[in-house]
1. Take B:Arg14 and decide whether it is crowded, with 19+ Cβ neighbours inside 10 Å, of a type in the set (Lys, Arg) and under 16 Å from the mean Cα position of the chain (by Cα).
2. Do you know which residues across region A:148-162 are crowded, with 19+ Cβ neighbours inside 10 Å and at the interface with another protein chain (Cβ under 8 Å from one of its Cβ atoms)?
3. Any idea which of B:Leu170, B:Leu196 is within 27 Å of B:Ile88 (Cβ to Cβ), of a type outside the set (Val, Ile, Thr) and not in a loop (DSSP other than H, G, I, E, B)?
4. Considering A:Lys129, A:Lys158, A:Lys168, which residue is closer than 30 Å to A:Val38 by Cα, basic (Lys, Arg) and modelled with pLDDT of 95 or more?
5. For region B:65-118, name all the residues that are hydroxyl-bearing (Ser, Thr, Tyr) and assigned to a helix (DSSP H, G or I).
6. Restricting to region B:38-64, give me the number of residues that are within 14 Å of the chain's Cα centre (by Cα), buried (at least 21 other Cβ atoms within 10 Å of the Cβ) and not in a helix (DSSP H, G or I).
7. Could you list, in sequence order, all residues of region B:87-145 that are surrounded by fewer than 18 Cβ atoms within 10 Å (Cβ to Cβ), without any contact (Cβ under 8 Å) to a residue 60 or more places away in the chain and within 16 Å of B:Ser181 (Cβ to Cβ)?
8. Report yes if some residue within region A:99-113 is of a type in the set (Val, Ile, Thr), in contact with a Leu (Cβ under 8 Å, 6 or more places away or on another chain), outside any loop (DSSP other than H, G, I, E, B) and more than 14 Å from every other protein chain (Cβ to nearest Cβ); otherwise report no.
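The values are calculated or read from the model by the stated rules, or taken from the named source; none is laboratory data. Because the structure is predicted, anything quoted here is derived from the model rather than measured. Because the Cβ atoms are built from the backbone with ideal geometry, glycine has one as well, and the counts that use them run over all protein chains shown.
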Amino acid sequence: MSGTRKHTNSIQPEIQAAQWRLRRFQGIMEDMRPEDVVGEYREYELTYYDGTSRKVLVTDIETPYPDGKLIVSRTNTAGVITHVNQAFVDMSGYTREELIGQPHYILRHPDMPRAAFKDLWDTVQSGKKWEGYVKNLRKDGGYYLVFASVVPNVRDGKIVGYTSVRRKPSRQKMEAALRLYARMREKEA
Amino acid sequence: MTYQMTVSPDFSPRHIAGWYIFNTWLQKTLGEDIHLELYQDFESQRKSIREDKIDLIYANPFDASMLIREKGFIALARPLGKEDEVVIAVPANSPVNKVEELQSGLRLAFTDDPNVHLVGMIMLEPANLSSENIRLQMVDSYAVVAKQLLRGEADAGIFLKEAFYGLSSLTRREMRPLVESQISDIFHAFLVGPRLADKKDAIQDALVRMTETPGGRSVLEALGIAGWANVSREDAEFMVDLMDAIR
């Protein structure tokens, strides 16, 4: 399925924000909305590791990673976002308020194989650092490419959350990873 | 007992006297004997840290991680508005206009400042460059990094941003920044070791209140620091996690 961006002024931003907060309170991550998407899009139904699912709308528009910046975020042990820096906000297209309290998989792109995230979680939950190339999904349906490092936050001997730092990847290595991910996704299908 | 204080060897040579003035002020404020030992290089300073000779340190982010996680140091304060950003520069006449145009075999000049080197190497990754395909030239100071570029003996150099913009305008005119980091979350910090843990609150309070007195303000001026901001345990742990993630 495909579509184009639509504009609507029928719902005030305040009401949208209130609805967002309510859904977040209820633990529901909403489907992506066509009015947020820029350009022609494809629609996918993504099911996450916790059994929840949502509709994502995906375009082929890449947002180039800015030179010199690091995207930093932190989550609790359940993978719920507790901190984002400005580069995270800028690259994801969401506001800070929309991100805090959401599962980190709000950024999951359908081109990423499930096995990559399973490996990430298995690694960091065992107290080790995970590194890998990741294609992330933006609020506007586009994507951005990163080299991600995730470390457990250990306080008094216990893991209390995770810090993720993303940086501009080597294009050559990123392309090799994307080819590998495409093969992994074929097998998963 | 005489405690020992030291300063990360990447401090600006212009502020050597400032650190001696700061030490005098700190001794007077705390009523303790403190000896200031300045090291020429990171390795000799780390040797003293490993031998548990250091009690107070103004540390770079790289060493702060090790001090907090392995040596039980506590971060108390960070300099206001002073973040550890990095510049990669090329000679002004270089044909290279963006990082991705840098080629394997690059001659790269840098200092032994571990944090600056780490961030600089990260900024070269988009060009598929690493220590395996770069000709590394470690030199003694940022002035020598600049000299290598100006003489045509290096194709690119890694600078602490503050050091790059501290070079004379004549020297800087001969170079061009290719990329500058904008990380914000990485900073130098003032830390105390286990032997001074019971005085941490008094030291932290004295540091953040330095701007309140003319004496404190003149010491800060000698250090080239606008003031000190509190660093909580979690602030410091956050930076250490960040450093762990990128190293």
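1. Details: crowded, with 19+ Cβ neighbours inside 10 Å: no; of a type in the set (Lys, Arg): yes; under 16 Å from the mean Cα position of the chain (by Cα): yes.
For B:Arg14, the condition - crowded, with 19+ Cβ neighbours inside 10 Å, of a type in the set (Lys, Arg) and under 16 Å from the mean Cα position of the chain (by Cα) - is not met.
2. A:Ser149, A:Val150, A:Val151, A:Asn153
3. Numbers: B:Leu196 fails: within 27 Å of B:Ile88 (Cβ to Cβ).
The match here is B:Leu170.
4. Details: A:Lys129 fails: closer than 30 Å to A:Val38 by Cα; A:Lys158 fails: closer than 30 Å to A:Val38 by Cα.
Result: A:Lys168 is the single residue among A:Lys129, A:Lys158, A:Lys168 that is closer than 30 Å to A:Val38 by Cα, basic (Lys, Arg) and modelled with pLDDT of 95 or more.
5. First, pick out the residues of region B:65-118 that are hydroxyl-bearing (Ser, Thr, Tyr): B:65, B:94, B:104, B:111.
Residue satisfying the conditions is B:Ser65 alone.
6. Summing the residues that are within 14 Å of the chain's Cα centre (by Cα), buried (at least 21 other Cβ atoms within 10 Å of the Cβ) and not in a helix (DSSP H, G or I) in region B:38-64 gives 4.
7. Hit for region B:87-145 is B:Glu125, nothing else.
8. Step one: filter region A:99-113 for residues of a type in the set (Val, Ile, Thr), giving A:100, A:106.
Going one step further and asking which of them are in contact with a Leu (Cβ under 8 Å, 6 or more places away or on another chain), we end up with A:106.
Still in the list and also outside any loop (DSSP other than H, G, I, E, B): A:106.
After this cut, where a residue has to be more than 14 Å from every other protein chain (Cβ to nearest Cβ) as well, the list is A:106.
Yes, the conditions are met somewhere in region A:99-113.
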